[in-house]
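What follows is a single structure, written as structure tokens, with notes after it.
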Amino acid sequence: MKSSSIFFVMKNNYIRLITFMALVSILFLQGIWLLNTYKLLETDFNKNIKDLFITSLEKEVMLRMEDPTKKKLREGTIVEGFRPEYDRYTNNRAFQDFLYKEEYHVPISLKKLIVFSTKKLRKIMSS
């Protein structure tokens, strides 16, 4: 009788150990899953903000390009650094540099940029 109860206690200890290890590994895997989810959300958020910022810059640049008081100065002028194969940031940078040259000197309007960004951000947050 005594040897069977020892066997039962040893078997019970192994079951407890295996159960404990399984629970620890499940918690560990959930931690990894949460970390990956956080990183994916952070990356997606950063991408959305960068796109939002570039879109707002493009709208603001187009408003400055259409300024009637300075438009005659720019007619027939080529924007150096703008290429269709470049990314949006590089092309936008070329427009910014073009519009800020000494002869045009049309500085960026942060107020308009904030308005465009806020409108787009509200639209993103509501959907």
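The values are calculated or read from the model by the stated rules, or taken from the named source; none is laboratory data. Values in this document were obtained by computation on a predicted structure and should not be read as measured data. Cβ: placed from backbone, ideal geometry, glycine included. Neighbour counts: every protein chain shown.
Side notes on the structure shown:
- Taken over the range 18-45, the residue count meeting the criterion of being over 32 Å from the mean Cα position of the chain (by Cα) and of a type in the set (A, V, I, L, M) is 5.
- Odd one out for Tyr86 among (1) part of a helix (DSSP H, G or I); (2) modelled with pLDDT under 75: (1)
- Just one of the listed residues (Glu42, Glu60) is in contact with a Ser or Thr (Cβ under 8 Å, 6 or more places away or on another chain), at pLDDT 75 or above and either in a helix (DSSP H, G or I) or of a type in the set (D, E, K, R) (or both), namely Glu60.
- Test result for Tyr104, among the aromatic types (Phe, Trp, Tyr), modelled with pLDDT under 70, under 18 Å from the mean Cα position of the chain (by Cα) and surrounded by 10 or more Cβ atoms within 10 Å (Cβ to Cβ): no
- Cross-chain or 6+ apart pairs with Cβ under 9 Å, the range 108-127 first and more than 21 Å from Phe45 (Cβ to Cβ), then among the hydroxyl-bearing types (Ser, Thr, Tyr) and part of a helix (DSSP H, G or I): Lys112/Ser56; Val115/Ser56
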